[in-house]
Amino acid sequence: MENSINTVTSNVLNNRGIVNNDTQIFNNIKESGGKKEQLKKVGEEFETLFMTKMMTLMDKTVDREGGVLGEDSKYVDTFKSHVFQEVSRQLSSNPHTSIGIASQIYKQMERYVQE
């Protein structure tokens, strides 16, 4: 757990994936090899987007009064959005922590993909 938190923090603080994030993701998928590997990456990215949205919506239900981060501000919101995205990416890329959307997309679509 400690290692995962350090990875997330360093990725966010080092601006990994913050600037031109969508372009970097698209290029990583294109360069990942065969069509089936690309399909796997697309499924993981979809699951990442889903989990990021879910975390963002869940965060809106939290009472901020007396919290660690204090009142809402655009700086805290920006930081949290990047943390949520990176945590979601880490969770969806690991088969032990994935919620299964990526694998279902792969299983459903793999028969349509020709190598």
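So the values come out like this:
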quantity	calculated
Tally, over segment 77-100, of residues that are in a helix (DSSP H, G or I) and exposed (fewer than 14 other Cβ atoms within 10 Å of the Cβ)	2
Count of residues meeting criterion [touching a helix residue (DSSP H, G or I) at 6+ places or on another chain (Cβ under 8 Å) and either at pLDDT 85 or above or not polar (S, T, N, Q) (or both)] in segment 17-48	17
Options Lys107, Lys80, Lys74: the member that is in contact with a helix residue (DSSP H, G or I) (Cβ under 7 Å, 6 or more places away or on another chain) and basic (Lys, Arg)	Lys80
Of residues in segment 52-87 being in contact with a Phe, Trp or Tyr (Cβ under 8 Å, 6 or more places away or on another chain) and at pLDDT 90 or above, the one farthest from Tyr106 (Cα to Cα)	Thr56
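The values are calculated or read from the model by the stated rules, or taken from the named source; none is laboratory data. If you're wondering where the values come from, they're calculated on a predicted model, not measured in any experiment. Cβ: placed from backbone, ideal geometry, glycine included. Neighbour counts: every protein chain shown.
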